[in-house]
Amino acid sequence: MSEDCIFCSIVAGDIPGRIVRETNHAVAFLDANPLAPGHTLVVPKQHYGRLNEIPGDEAADLFDAVHDLSAAVEDAVDADAVSIGINDGEAAGQEVPHTHVHLVPRFEGDGGGPFHAINPSSEQPSEDELDEIAEAVRER
Ligand code: 5GP
Ligand code: ZN
């Protein structure tokens, strides 16, 4: 647990959270400032800042909860779809430094965009650049 981490405090029960699921390594609760009804956050119980800091078994448990909750949340608020995402790092918009997965219910015509709206005018890479990037990822 990290002192003065809001999500650690929710996991510990020190501050109230509308918890909707608890597993061995993860807790899910409603977002306090929802982008849509049912906006849910799934967090590891331990304090990890970034996704890649979570050990594999704990990450598997977390994503198992995300998998289950995607249908549960959509159904609970009678939504048509769910946007699922992680702002992984400050430059990606992460504000709470305890990694978390957003499940945002989506409704036909809700006016929200897809993930492509993150950067609609991004320059398209050449075939060579795509090859280079793919190789760099494979190497790692
Ligand atoms: P981020 O920008 O870090 O990806 O998302 C942080 C999310 O945490 C935001 O959607 C914000 O509304 C939510 N949040 C911030 N503080 C609290 C809190 O005290 N309780 C709950 N339930 N959600 C919070
Ligand atoms: Zn924390």
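The values are calculated or read from the model by the stated rules, or taken from the named source; none is laboratory data. Bear in mind that the values here come from a model prediction, so they are computed numbers and not experimental data. No Cβ is skipped: glycine too gets one built from the backbone with ideal geometry, and neighbour counts run over all protein chains shown. The protein model used for the area step is the full one, side chains on, heavy atoms only, and it has no ligands, DNA or RNA in it. Shrake-Rupley method; radii C 1.70, N 1.55, O 1.52, S 1.80 Å.
Here is how the numbers come out for the structure above:
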quantity: Test: L41 is modelled with pLDDT of 95 or more, within 13 Å of ligand 2 (Cβ to nearest atom) and under 16 Å from V77 (Cα atoms); calculated: yes
quantity: V20 surrounded by 17 or more Cβ atoms within 10 Å (Cβ to Cβ) and more than 15 Å from ligand 2 (Cβ to nearest atom); calculated: yes
quantity: Any strands (runs of 3 or more DSSP E) falling wholly within segment 1-100 and containing at least 2 residues that are in contact (Cβ under 8 Å) with a residue 40 or more places away in the chain; calculated: 19-22, 40-44
quantity: Considering residues of segment 80-108 that are of a type in the set (D, E) and touching a strand residue (DSSP E or B) at 6+ places or on another chain (Cβ under 9 Å) only, the residue nearest to ligand 1 (Cβ to nearest atom); calculated: D80
quantity: Residue ID - least open to solvent (accessible area, probe 1.4 Å), chosen from residues in segment 109-136 that are in contact (Cβ under 8 Å) with a residue 24 or more places away in the chain and more than 16 Å from ligand 1 (Cβ to nearest atom); calculated: D110
quantity: Of residues in segment 28-54 being among the charged types (D, E, K, R) and more than 13 Å from ligand 1 (Cβ to nearest atom), the one most open to solvent (accessible area, probe 1.4 Å); calculated: E53
quantity: A76 vs. criteria closer than 12 Å to G38 by Cβ and loosely packed, with under 15 Cβ neighbours inside 10 Å; calculated: yes
